[in-house]
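Heads up: the structure comes next, in C-alpha cells.
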Amino acid sequence: MADVVLAHGAWHGAWCWARIVADLERRGVSATAVELPLTGLAADVAVARAAIEAGGPATVVVGHSYGGSVISLAAAGLPGVTRLIYLAAFLTEPSADTIALVTEKLAQAIVADERGGLAAERFGRFLQ
C-alpha cells in the first residue's frame with residue numbers, strides 16, 4: 001500500500017484535501033495533507049520533505065498549484081517516492097521562485113478590458 005502526501009497551493013491550506021484524504025482512507029490508503037507554512041519556499045520544502053520521509057516505501061506525492069514547485073524540491077533524491085503528481089500545478093526549474101513568478105508576471109499579465117473583465121489575450125503572455 002502506498003502512502004500519499006498532498007501539498008496544497010499558495011491560496012489554500014491542508015483543509016482543501018480533507019475530502020480526498022477521507023476518501024483515500026476509506027479505500028485503505030494512508031494519506032497525509034501537509035500544512036505548508038507559506039513563509040518561504042525553503043520552509044515549505046522542509047515541511048513537505050519531512051512528511052514525505054515519514055511516508056511508506058512507495059510514497060505518491062501530489063502537489064497542487066504552488067505545491068508543484070514544493071514537491072519537486074521536497075521529493076528530490078528520496079528513494080521511497082514512486083510518483084509525483086502535478087494537479088494543475090507549477091513545474092518549474094529548481095532555481096525558479098514560483099511566488100515571484102505568480103506575483104510579478106501574473107500581476108503584469110492580468111489587465112481589465114473595457115467592461116472590467118480580464119483581457120484574456122494578454123494572459124497567455126504570463127508564461128513567456
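For Thr39, Thr98, Thr92, Thr103, the sequence from fewest to most other C-beta atoms within 10 Å is Thr39, Thr103, Thr92, Thr98.
Most exposed first by the Cβ proxy, i.e. fewest other Cβ within 10 Å, how do Leu36, Leu87 rank?
Listed from fewest to most nearby Cβ atoms, that is Leu87, Leu36.
No lab work stands behind these numbers, since they all come straight from the coordinates. Predicted model, so just to flag it, every value in this text is computed and none were measured. Here Cβ is always computed from backbone atoms with ideal geometry, including for glycine, and neighbour counts include all displayed protein chains.
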